[in-house]
Amino acid sequence: KEQYTEPGSDDATTGSEWFPKSIYDLDICAKRVIMYGAGLDADHPGFKDKEYRERRMMFGELALQYKHGEPIPRIEYTDSERKTWGVIYRKLRELHKKYACKQFLDNFDLLERHCGYSENNIPQLEDICKFLKGFSRSLGPNESLFSAKTGFRVRPVAGYLSARDFLAGLAYRVFFCTQYVRHHADPFYTPEPDTVHELMGHMALFADPDFAQFSQEIGLASLGASEEDLKKLATLYFFSIEFGLSSDDAADSPMKEHGSNNERFKVYGAGLLSSAGELQHAVEGSATIIRFDPDRVVEQECLITTFQSAYFYTRNFEEAQQKLRMFTNNMKRPFIVRYNPYTESVEVLNNS
Ligand code: TIH
Ligand code: FE2
């Protein structure tokens, strides 16, 4: 039986909160921004910079006006923003080549080839959206090559959303992306997500089918989840998609547990791949990196204004996927959600 409730009202039959039932409902989630512009932290480098704050307000308004299905507004970035981007791009590309996982690097090459990624240009979200859908290239008069990607989409957002609204997007293969650039005073670490984080950290892996599937499954598990389960899912998201690492080691054998972090691990988490400071901290120092085990991970605190105190690794995405599935299978919801890719909606079925 189909259940539907208005946003904000509790569902009388299930006792759970409203959640988006179709990709169009994400317009509602996107508007519930926790803070932006005037809400910047007092110790944020942009706080005292009036010009920066005004620019942020402009990005905020643009994102709040956006509706699903529209082309994403192209941004004309300022000289100062492009300079910040260039400084970060050069530094990160060097580090990526040493520490990023293979799927990330392969797809990053494609972004450079097809989406205007370069140290002199900040790419546009609309171009990445088209790329993620798949593209064809002519090989001759009667021949063309179609390269399917994952159908992941991005849409602009004004700032932080609640974990519930943010993860709901993933259920529909939609990723909420900021379009503003971090303040130039601190290019190698920012406490808030900015477009450099999205573009340099997240975009490449959304072109990988296994990673896209993993991301969507976190999203689907989050729809209508209890507060307690939602917090666990947000933490699993954080220590995989944002801060995850992988290792080819036969890590079950304690013999192999030696060797320095930079020899043992490849990085896939976007929060590390977009921050030169934290990436070096994680792999070039002696940071704590432990096996990704969901029951352990959900105990870990997500730190949002400093480097993490521990990171987690799996052998590959498949292992992360399997562990996530085992974990979410044990979560109790009074209904089942089934994603319909043709209508981009979820069907809600009574679980009784
Ligand atoms: N700290 C990251 C960076 O400097 O690029 C941005 C964020 C990652 C996760 C949350 S905010
Ligand atoms: Fe992120």
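Computed from the coordinates by the stated procedures, all read-outs in this text should not be read as laboratory data. As the structure is a computational prediction, the values presented were derived from the model and not from experiment. When we count neighbours, we look across all protein chains shown, and the Cβ atoms used for this are built from the backbone with ideal geometry, even at glycine.
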| note | Percent relative contact order for the chain, counting Cα pairs under 8 Å at least six residues apart, stands at 19 percent
| N262 paired with A148, simple spin-label distance in nm, labels 7 Å along Cα-to-beta-carbon | 4.1 nm
| Three principal axis extents, largest first, for the C-alpha atoms of the range 78-222, in Å? | 52, 38, 29
| Size of the chain as Cα extents on the principal axes (Å, biggest first) | 60, 55, 54
| What Rg and what Dmax come out for the range 287-344 when only alpha-carbon atoms are used, in angstroms? | 15.2, 45
| query | Sorted by average packing, counted as other Cβ atoms within 10 angstrom per residue and highest first, what order do 94-104, 162-172, 142-152, 180-190 take? | reply | 162-172, 180-190, 94-104, 142-152
